Amino acid sequence: MAYNRYRSVASGFSTDMNPKQPAYTVIGLPPTRAIRVIWALEEIGLDYKIEPARPHSDPITSVNPSGKVPALRVEETDGKTFEIIDSVAIL
Ligand SMILES: N[C@@H](CCC(=O)N[C@@H](CS)C(=O)NCC(=O)O)C(=O)O
């Protein structure tokens, strides 16, 4: 827990210091490579939502034409939204 707290502060994501944080949504079912992203977010201690999309379903093909999961949607505090595809790129 202390290690996660250190990492949160070091990366500027401390809830205490910066109450306005980006919102994260993992697009993909957990029993896929989406679990890598979920695991990382848990380790870092960031809040997130899961959009349980199957490969090649509309929610994922709208952000990744290959239809592969996962993707991570980031909603920045200024309202800008973007998606990162591929678990390795997200991590
Ligand atoms: N290199 C990609 C691979 C993603 C991937 O192959 N995901 C599988 C689920 S674990 C998938 O969507 N398969 C559907 C397909 O290959 O069409 C990553 O790490 O995100």
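Test of understanding: ordering Ser87, Ser66, Ser57 by Cβ neighbours within 10 Å, fewest first, what list do you get?
By the 10 Å Cβ count, ascending: Ser66, Ser57, Ser87.
³J(HN,Hα) across the stretch 54-60 via Karplus (A = 6.51, B = -1.76, C = 1.60, θ = phi - 60°), whole Hz, x for Gly/Pro?
7, x, 6, 7, 4, x, 8
Mind putting together the pair-distance distribution for the stretch 20-90? All Cα pairs, 10 Å bins, whole percent per bin, short to long.
Taking all Cα pairs of the stretch 20-90, the binned fractions are 23, 56, 20, 1 percent.
Assuming 0.36 nm per residue, please report the length gained on full extension of the stretch Ser62 to Thr25 beyond their Cα-Cα distance.
Stretched fully, the Ser62-Thr25 segment lengthens by 11.9 nm.
Among residues other than Tyr24 whose Cβ falls under 13 Å from its Cβ, what is the net charge (Lys/Arg +1, Asp/Glu -1)?
So the surrounding residues net to -4.
Sum up the charges of everything whose Cβ sits under 13 Å from the Cβ of Ala89, counting Lys and Arg as +1 and Asp and Glu as -1, but leave Ala89 out.
+1
Multiplying the sequence separation of Ala89 and Trp39 by 0.36 nm and subtracting their Cα-Cα distance, what value in nm do you get?
16.5 nm
Every read-out reported here was derived from the displayed coordinates using simple, explicitly stated rules and does not represent laboratory data. For clarity, every value in this text was computed on a predicted model and none was experimentally measured. Counting neighbours? That spans all protein chains shown, and the Cβs are built from the backbone with ideal geometry, glycine included.
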